[in-house]
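Asker: Questions regarding the structure given below will be posed in turn.
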Amino acid sequence: GNANEVWSVELNPVDGDFVPGTEYLEFAVPPWSPGQPFSQPVASIEFSPNGTLFIAERNTRYCHAVHKGRVIEYTGATTAWVQTPDTSGGLVHAVGNHAQGGSLPGQNSAGGVAADCDDSIWATGDALRLDAGNVTYGLQHIAPCGNDPPPAPVTNSVLIDLDGNLSQYDKSLLGAADIYPACSCLELIGEVHCPTEEGGDHTFDFTITNNSGQDAHSMILHPVSGTTGISPATHLFSPALANGASETLTGFAIQGATPGVPACFRVILLTADREVCCSEEVCVDIPECACFEVLEAEVECVPGPDGVVDKAVITLTIFNYEPYTLHHAYVTVGGNKALDPPSGYIDLSPGIAPYSSGTFSFTLCNVVPGELCCFTLSVHSEDWEECCWDEVCVEIDCDQVEPSDDHCEVTQEVVCDPATGAGTITLTVFNTGAVGKNYDWNVSSLAPSAACPVALAASDFSPPSGSVFVPAFGSATVTLTVDCTKLHADPGGQGGCANYGITVCESGTNHCFTCTGIVLAPGVFGLLEGAPGPYGVEVGGAVEMSLRLVNTTGEQRVVDYRVGSSLAWPEFQARSCCDAASPLLSETVLLGPGETLQVPHFAHLPEPTDATTIVDRVPFQISISPPGERGHVIDALLEVSPRGAPQPLVAVRSITCVEVEHVGWQVQIDAEVSGAALVRVESSLDAERWERARFAAAAGEEAELEAMSTGGGSVRFFLDMDRSEQLFRLVAEGD
């Protein structure tokens with residue numbers, strides 16, 4: 001009938017011993033109910049950084065009676081502790097959803113509680129969940145201010161079974177919990193910038209938050225590794241940086257840093273009397289500086305006649321890190337995207353001087369609001385002898401009419417072959433519904449424009465219409481040919497251009513959508529034999545491909561062409577396998593009047609490194625750019641054939657999208673693991689900067705797992721869709 005109690009005793013600050021006579025009753029633990037006027041012993045006492053006190057009971061009344069322990073929260077201080085009142089019908093911090101013998105659910109504490117920096121807690125508990133095939137004994141994360149009341153007290157909690165066996169009852173085997181590392185006394189978030197002059201230092205802009213519990217009057221930055229010094233090394237806060245307050249600081253020089261090597265330094269906060277109130281080691285990544293940096297990317301959406309956005313004017317401000325002036329730029333896009341100007345060439349006159357910035361614009365066509373569009377930007381010196389390139393991604397951020405979930409894609413630029421007098425169009429129809437459907441399609445959108453003045457008729461396409469069945473969550477492809485006679489009839493001999501579109505309608509409904517492109521018969525163009533492939537290539541080997549360059553004009557012409565990929569794995573070589581390989585191949589050839597030239601080139605896949613993104617299919621593009629004329633892009637694929645290198649521990653078999661009620665779209669990844677391994681998922685937007693992604697083990701669950709342990713065989717992951725275009729990869733660690 002006696003309640004358990006919590007007492008305190010003072011400590012001698014010199015030797016840490018107890019001070020006699022200072023014992024003090026802080027509070028009595030409340031009974032379960034008036035009919036049961038007793039409580040369980042307190043096994044853990046925990047203080048959060050904000051001073052909140054948590055206690056965790058552990059049942060000792062008799063063997064295996066483990067469902068009579070609570071976690072209780074108190075606020076205040078000595079002589080004034082106040083218990084957080086229970087919610088209606090349940091505990092504020094309910095541990096588990098099991099209820100024993102008619103008692104409240106959530107009384108399953110095993111005696112362990114640990115407070116995180118935000119006043120959320122981790123508690124140990126028995127029978128956190130007792131569902132068929134899901135028997136959870138272990139850790140529960142409870143959000144600040146508690147969890148949901150019955151009947152679902154663990155709805156917004158994270159539950160972890162500590163031995164990973166969801167069929168085993170680990171009753172009475174659990175104990176205490178703690179969090180490592182402890183909460184930091186400061187938070188520092190910032191960005192490192194490349195040097196703005198030749199031989200200069202990297203600069204660091206950051207926001208610092210004081211969590212020390214005291215006002216900080218000054219700061220010292222002392223180098224530890226990866227840097228010889230920080231300048232300025234000291235900073236005086238004016239006014240003082242109060243506890244919990246933040247301040248943004250800019251222009252700190254990181255001296256002697258090495259690109260790719262983290263720079264670590266100690267941040268020391270001092271009080272007004274120069275006492276240390278916080279000392280933390282902070283490390284920042286020193287970037288491998290590209291030849292340019294995008295300082296700002298502005299997107300201006302351009303709606304079409306129907307009010308739906310289909311174009312965007314992209315304005316980039318870049319900083320030139322090269323010691324030469326940038327005079328030329330090329331933009332290369334893939335997929336169904338197109339450019340204006342179509343060649344992708346941008347004149348940067350009068351140029352962007354070394355270590356200075358410049359601004360230019362171009363139009364990106366066939367965009368969808370909300371999607372992330374990526375393209376390759378290469379910049380060149382005035383004599384074209386020096387160049388570099390990087391991938392740039394911009395979000396089409398505009399509020400316009402969203403397109404239908406069902407959609408189509410067509411060959412964006414159909415290049416006519418003068419040898420056959422025709423071009424080939426690929427139409428792909430996508431069904432995002434859970435039921436297979438029939439779709440009717442027909443050639444449309446043939447009106448000429450200033451950019452493409454030639455008018456084609458539906459009769460120039462074969463076939464001009466048709467029907468196709470598309471399975472649930474699938475796609476189907478149709479191939480058409482277009483007669484290019486009208487385009488080759490250009491009296492100037494420079495070729496012609498015509499608009500075209502294909503309208504697709506779900507059979508028997510007015511649910512229609514249109515995708516558009518152009519038919520191009522340029523005077524100078526290129527054709528890749530066998531495109532788009534895929535072209536088989538072994539790891540460590542190369543595959544030869546033949547590019548046919550054609551000049552249909554009566555004049556001598558210069559042709560620039562570039563070969564590159566959005567992934568960093570492949571390298572390209574021109575003419576001979578003995579030529580130097582590079583991620584971006586840039587070549588110039590001279591074509592005589594009416595001349596056709598076969599240009600061999602090689603795609604090489606080096607042995608992968610730890611930083612290599614290994615995939616089964618590698619996209620690449622060839623950009624044909626006659627100076628001063630309309631150019632075009634050839635999209636193609638490399639297929640990684642049976643490899644000379646050892647087989648990977650994990651291989652992706654399929655990636656699909658599934659729609660789950662109340663959750664939305666999720667990405668389902670099915671893979672095969674060849675042995676015992678710990679497998680995780682990483683995501684990226686640019687195939688270079690990968691971050692660990694949380695995933696769910698079953699469809700419809702929130703993505704909250706970080707890794708999956710498997711003995712081998714088939715594995716499946718579900719990830720929430722938060723972008724319209726995203727890259728994923730699996731990483732396996734095993735023996």
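The values are calculated or read from the model by the stated rules, or taken from the named source; none is laboratory data. Since this is a predicted model, take the numbers as computed values, not measurements. Glycine gets a Cβ as well: all are built from the backbone with ideal geometry, and neighbour counts include every protein chain shown. What goes into the accessible areas is simple: the full protein's heavy atoms, side chains included, and nothing from ligands, DNA or RNA. Shrake-Rupley method; radii C 1.70, N 1.55, O 1.52, S 1.80 Å.
Per-residue answers, yes or no, for (1) among the small types (Gly, Ala, Ser); (2) open to solvent by less than 70 Å² (accessible area, probe 1.4 Å); (3) over 30 Å from residue 292 (Cα atoms); (4) modelled with pLDDT under 95:
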| residue | (1), (2), (3), (4) |
| --- | --- |
| 173 | no, no, yes, yes |
| 176 | yes, no, yes, yes |
| 183 | no, yes, yes, yes |
| 191 | no, no, no, yes |
| 198 | no, no, no, yes |
| 209 | no, yes, yes, yes |
| 214 | no, no, yes, yes |
| 238 | yes, no, yes, yes |
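Asker: Next up: From 318, 314, grab the single residue that is closer than 20 Å to residue 199 by Cα, out of contact with any helix residue (DSSP H, G or I) (no Cβ under 8 Å at 6 or more places or on another chain) and surrounded by 13 or more Cβ atoms within 10 Å (Cβ to Cβ).
Answerer: Step by step, each of 318, 314 is checked, and only 318 is closer than 20 Å to residue 199 by Cα, out of contact with any helix residue (DSSP H, G or I) (no Cβ under 8 Å at 6 or more places or on another chain) and surrounded by 13 or more Cβ atoms within 10 Å (Cβ to Cβ).
Asker: State yes or no: is residue 438 open to solvent by 60 Å² or more (accessible area, probe 1.4 Å) and closer than 23 Å to residue 501 by Cβ?
Answerer: In short, yes.
Asker: Please specify each residue of the range 135-148 satisfying the condition of being small (Gly, Ala, Ser) and either farther than 22 Å from residue 697 by Cβ or open to solvent by less than 10 Å² (accessible area, probe 1.4 Å) (or both).
Answerer: 138, 146
Asker: Is there any pair with a first residue in the range 102-129 that is at positive phi and a second that is part of a strand (DSSP E or B) and of a type in the set (Val, Ile, Thr) whose Cβ atoms are under 9 Å apart and which are 6 or more apart or on different chains, and what are they?
Answerer: Taking only residues 6 or more apart or on different chains, the pairs are 106/71; 106/95; 111/42; 111/124; 127/135; 127/136.
Asker: Do we find that residue 309 is out of contact with any His (no Cβ under 9 Å at 6 or more places or on another chain) and open to solvent by 20 Å² or more (accessible area, probe 1.4 Å) in this structure?
Answerer: no
Asker: A follow-up question, please. Going by the structure shown, is residue 250 open to solvent by 50 Å² or more (accessible area, probe 1.4 Å), hydroxyl-bearing (Ser, Thr, Tyr) and free of Cβ contacts under 8 Å to residues at least 40 places away in the same chain?
Answerer: The answer is no for residue 250.
Asker: While we're on this one: Any residue at all in the range 411-433 that is surrounded by 14 or more Cβ atoms within 10 Å (Cβ to Cβ), without any contact (Cβ under 8 Å) to a residue 60 or more places away in the chain, of a type outside the set (Val, Ile, Thr) and closer than 29 Å to residue 595 by Cα?
Answerer: The answer is no; no qualifying residue exists.
Asker: Now for a separate question. Listed residues 90, 112; which is under 27 Å from residue 47 (Cβ atoms), open to solvent by less than 60 Å² (accessible area, probe 1.4 Å), modelled with pLDDT of 90 or more and not hydroxyl-bearing (Ser, Thr, Tyr)?
Answerer: Within the list 90, 112, the selection yields 112.
Asker: I would also like to ask the following. For the range 116-134, which positions are open to solvent by 10 Å² or more (accessible area, probe 1.4 Å) and assigned to a strand (DSSP E or B)?
Answerer: Across the range 116-134, the qualifying residues are 122, 129, 130, 131, 134.
Yes/no matrix, rows are residues, columns are (1) in a strand (DSSP E or B); (2) surrounded by 15 or more Cβ atoms within 10 Å (Cβ to Cβ); (3) touching a residue at least 60 places away in the same chain (Cβ under 8 Å); (4) not charged (D, E, K, R):
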| position | (1), (2), (3), (4) |
| --- | --- |
| 510 | no, no, no, yes |
| 515 | yes, yes, yes, yes |
| 540 | no, no, yes, yes |
| 547 | yes, yes, yes, yes |
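Asker: Still on this structure, I have one more. Give the range 1-53 a look and list any residue that's open to solvent by less than 50 Å² (accessible area, probe 1.4 Å), not in a loop (DSSP other than H, G, I, E, B) and not hydrophobic (A, V, I, L, M, F, W, C), or say none.
Answerer: Within the range 1-53, 8, 26, 33, 44, 46 qualify.
Asker: Among the numbered criteria (1) open to solvent by 50 Å² or more (accessible area, probe 1.4 Å); (2) of a type outside the set (Val, Ile, Thr); (3) farther than 26 Å from residue 170 by Cβ; (4) touching a residue at least 40 places away in the same chain (Cβ under 8 Å), which one does residue 74 miss?
Answerer: Exception for residue 74: condition (1).
For every residue, the table says whether it meets (1) part of a strand (DSSP E or B); (2) in contact (Cβ under 8 Å) with a residue 24 or more places away in the chain; (3) touching a strand residue (DSSP E or B) at 6+ places or on another chain (Cβ under 8 Å); (4) closer than 13 Å to residue 265 by Cβ.
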site	(1), (2), (3), (4)
188	yes, yes, yes, yes
191	yes, no, yes, no
204	yes, yes, yes, yes
213	no, yes, yes, no
217	yes, yes, yes, no
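Asker: Still on this model: Which one is most open to solvent (accessible area, probe 1.4 Å) among residues in the range 253-277 that are closer than 16 Å to residue 203 by Cβ and in a strand (DSSP E or B)?
Answerer: Looking at residues that are closer than 16 Å to residue 203 by Cβ and in a strand (DSSP E or B), I get 255.
Asker: Continuing with the same structure: Taking residue 708 as meeting all but one of (1) farther than 26 Å from residue 538 by Cβ; (2) at pLDDT below 85; (3) of a type in the set (A, V, I, L, M, F, W, C), write down the number of the exception.
Answerer: Answer for residue 708: the failing condition is (2).
Asker: Here's another thing I want to ask about it. When you scan the range 600-703 for strands (runs of 3 or more DSSP E) that lie fully inside it, which ones turn up with 2 or more residues that are modelled with pLDDT of 85 or more and not aromatic (Phe, Trp, Tyr)?
Answerer: Counting at least 2 such residues, we get 617-625, 632-640, 664-673, 677-684, 691-693.
Asker: Within the bounds of the range 381-390, is there any residue that is touching an Asp or Glu at 6+ places or on another chain (Cβ under 9 Å), open to solvent by less than 30 Å² (accessible area, probe 1.4 Å) and hydroxyl-bearing (Ser, Thr, Tyr)?
Answerer: Yes, that holds for at least one residue.
Asker: Do we find a residue being closer than 28 Å to residue 709 by Cα, of a type in the set (A, V, I, L, M), modelled with pLDDT under 85 and open to solvent by 60 Å² or more (accessible area, probe 1.4 Å) anywhere in the range 152-162?
Answerer: The answer is no, given that none of the residues of the range 152-162 is closer than 28 Å to residue 709 by Cα, of a type in the set (A, V, I, L, M), modelled with pLDDT under 85 and open to solvent by 60 Å² or more (accessible area, probe 1.4 Å).
Asker: Select, from 298, 280, 288, the only residue that is open to solvent by 30 Å² or more (accessible area, probe 1.4 Å), in contact (Cβ under 8 Å) with a residue 12 or more places away in the chain, closer than 30 Å to residue 187 by Cβ and assigned to a strand (DSSP E or B).
Answerer: The conditions single out 280.
Asker: Are any residues in the range 612-641 open to solvent by less than 10 Å² (accessible area, probe 1.4 Å) and out of contact with any Ser or Thr (no Cβ under 7 Å at 6 or more places or on another chain), and if so, which ones?
Answerer: Of everything in the range 612-641, those that are open to solvent by less than 10 Å² (accessible area, probe 1.4 Å) and out of contact with any Ser or Thr (no Cβ under 7 Å at 6 or more places or on another chain) turn out to be 622, 624, 626, 632, 636, 638.
Asker: Also: Looking at the range 321-347 only, could you name the residues that are over 30 Å from residue 195 (Cα atoms) and assigned to a loop (DSSP other than H, G, I, E, B)?
Answerer: The answer is 334, 335, 336, 337, 341, 342, 343.
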